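Enquirer: Below you will find the structure I want to go over with you.
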Amino acid sequence: MGTSADRPAIAFAFEHVRQRSVHLAEPLSPEDCCAQSMPDASPVKWHLAHTTWFFETFILEPRENGFQPFHPAFRVLFNSYYNGVGDKHPRPRRGLLTRPALHEVLAYRADVDRRIVRLLGERRGDAELAALVELGLQHEQQHQELLLTDVKHLLAQNPIFPAYLEAPLPASSPVEAPAWIEFDGGLAEIGHDGRGFAFDNELPRHRQYLAPFALASSLVNNADYLAFIEAGGYRDPSLWLSEGWDKVVSGELRHPLYWIEEDGHWREFTLHGVQALDPARPVTHVSLYEADAYARWRGARLPTEAEWEFAARDVAVACGELHPQAADGAGLAQMFGACWQWTTSSYAPYPGFAPAKGALGEYNGKFMINQYVLRGSSCATPHGHARASYRNFFPAGARWQFTGIRLAR
């Protein structure tokens, strides 16, 4: 796409992120890329197309001289939830879009990529353009994580349990029991500090008082969660929030998603295929209901998002393999790069929050209802996409993301 002298720095970041999305799809067949396993998940092909739609719709259409869409129908087919843009294809029916074919979506990406890089070259020094491209890249990185978790859910529906990656997961070494790390609390600054990129839901930075608290030094691991199951944790209604207990009674919640019991032995479906349950690795793919019930069983609780952010303010961000790794090292471990960690905080606007104007203002604000905040990052989070102020959010029953448990008291 040209030499380094032809392009501003943002173009290099653009190419890197865009190429990674295509790379993530390479282990998959065209059939894998078209299927949709549930309404909350999207086909790989749709992720590849929607992230391209974002750049075409919000950047090329208002700025490119003589703009023409790659295909007029794509404006509806690959719109996710932007009502200000126009009509949308129903989310639960994305898997029925056998056309355009995968090769046509890849051609769509290549065309838009070429035009974005050309526009960046023509408009060097355009800070507004660079900021919008950066937003698009951060948006695409979110979809890279969703792509992996959606693929995992898809492959888990197949009775032969195909692996996304053929290499087996190495067994972990035994780990020490987590310690309690104490924090004095006090008046804390919460929210993005202005260094680097932030989504609007991380703003504005504000003060919040925290009473003294403690966090577990590591995430709850499989061995500890198995002890909860074997002690009757899923049979004791006193441990569960009412809505969660209803799901236990209905049979929806019996153990973490992707756990498989055969002849008294537990295994786990991973992106590496079915593996023996590793006792030292973090338990993952649990709902808020399960996380809360486990915490009650342990005589503890889940942290608030402000407590979590205050504790993580000086913790280095880490990335790992595509399955949560066991705790390693002293101090607060696994704050990043293992599992998203449930908090007791409802997803709500910070004091003074104001969404962006226009359709881009629909990005976060309109979802601030009936969801809970998760903090940290997961093993599927792209490198460079995590920070202490990042606010992820899902409904209390969501389990297909890499969600885990950190205890507080």
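Enquirer: If ligands, DNA and RNA are left out, what is the accessible area of SER242 with a 1.4 Å probe, given in Å² to the nearest 10?
Expert: SER242 exposes around 90 Å² with every protein chain in place.
Enquirer: Under a Cβ-Cβ cut-off of 15 Å, what is the net charge of the residues other than ASP236 that fall near it, where Lys and Arg count +1 and Asp and Glu count -1?
Expert: Here the count lands on +1.
Enquirer: What list of ³J(HN,Hα) values in whole Hz, one per residue of segment 176-191 in order, does the Karplus curve 6.51 cos²θ - 1.76 cosθ + 1.60 (θ = phi - 60°) give from phi, with Gly and Pro shown as x?
Expert: Each residue of segment 176-191 in turn: 6, 4, x, 9, 8, 10, 8, 10, 6, x, x, 7, 10, 8, 10, x Hz.
Enquirer: Mind listing the phi-derived Karplus ³J(HN,Hα) values for segment 32-43, rounded to whole Hz, using 6.51, -1.76 and 1.60 with θ = phi - 60°, and x for any glycine or proline?
Expert: Coupling constants for segment 32-43: 4, 6, 9, 6, 10, 8, 6, x, 6, 9, 10, x Hz.
Enquirer: I need the shape label for segment 169-294. Rule: rounded when a/c is under 1.5, else prolate if a/b > b/c, else oblate, with a, b, c from the alpha carbon gyration tensor.
Expert: Note, shape of segment 169-294 comes out prolate.
Enquirer: Would you pull out the residues with amide H under 5 Å of ASN392's amide H, same chain only if 5 or more places away, H placed 1.01 Å from N?
Expert: So ASN392 has HN proximity to LEU374.
Enquirer: Which whole DSSP H helices in the chain pass both tests: a Cα extent of 27 Å or more along the axis and a mean Kyte-Doolittle value no lower than -1.0?
Expert: Helix filter hits for the chain: 102-122, 127-156.
Enquirer: For VAL283, enumerate residues with amide H under 5 Å from its amide H, sequence gap 5+ or separate chain, H modeled in the peptide plane.
Expert: Amide H neighbours of VAL283: ASN221, ASN222.
Enquirer: Give me the net charge for the shell around ASP40: Cβ to Cβ below 15 angstrom, other residues only, Lys and Arg +1, Asp and Glu -1.
Expert: It works out to a net charge of +2.
Enquirer: For each pair in LYS152/LYS366; LYS88/LYS366; LYS88/LYS357; LYS45/LYS88, compute the distance between the two Cα atoms and list the pairs where it is over 24 Å.
Expert: LYS152/LYS366
Enquirer: Determine the calculated [θ] at 222 nm for the chain from helices alone, applying -39500 (n - 2.57) to every DSSP H run no shorter than 4 residues and normalising by the residue count; nearest 500 deg cm²/dmol.
Expert: -9500 deg cm²/dmol
Enquirer: Something else now. Which net charge results when you count Lys and Arg as +1 and Asp and Glu as -1 among the other residues whose beta-carbon is under 9 Å from that of ILE260?
Expert: Here the charged neighbours net out to -2.
Enquirer: Oh, and also: Which residues' amide hydrogens lie under 5 Å from the amide hydrogen of LEU210, considering only partners 5 or more residues apart or on another chain, with H built in the peptide plane?
Expert: GLY186, LEU187, ALA188
Enquirer: When the accessible area of the chain is split by element with a 1.4 Å probe, what percent falls to carbon and sulfur?
Expert: That share works out to 53 percent.
Enquirer: For segment 65-106 and segment 305-379, compute the distance between their C-alpha centroids and round to whole Å.
Expert: That distance is 29 Å.
Enquirer: For segment 1-141, state what percent of all Cα-Cα pairs lands in each successive 10 Å bin, counting from 0 Å until the bin that includes the largest distance.
Expert: Bin by bin from 0 Å, the calculated values are 11, 42, 34, 11, 1.
Enquirer: Spelling out what I want: for every residue of segment 346-351, take phi, set θ = phi - 60°, compute 6.51 cos²θ - 1.76 cosθ + 1.60 (Karplus), and round to whole Hz; glycine and proline get x.
Expert: Karplus values, whole Hz, x for Gly and Pro: 5, 6, 9, x, 5, x.
Enquirer: Could you report the accessible area of LYS247 in Å², rounded to 10, computed with a 1.4 Å probe on the protein chains as they sit in the structure?
Expert: 50
The values are calculated or read from the model by the stated rules, or taken from the named source; none is laboratory data. Fair warning: this is a prediction, and the values are worked out from it, not measured in the lab. Every residue, glycine among them, receives a Cβ derived from its backbone with ideal geometry; neighbour counts consider all protein chains shown. We work out accessible area using only protein heavy atoms, side chains counted, and drop any ligands, DNA or RNA first. Shrake-Rupley method; radii C 1.70, N 1.55, O 1.52, S 1.80 Å.
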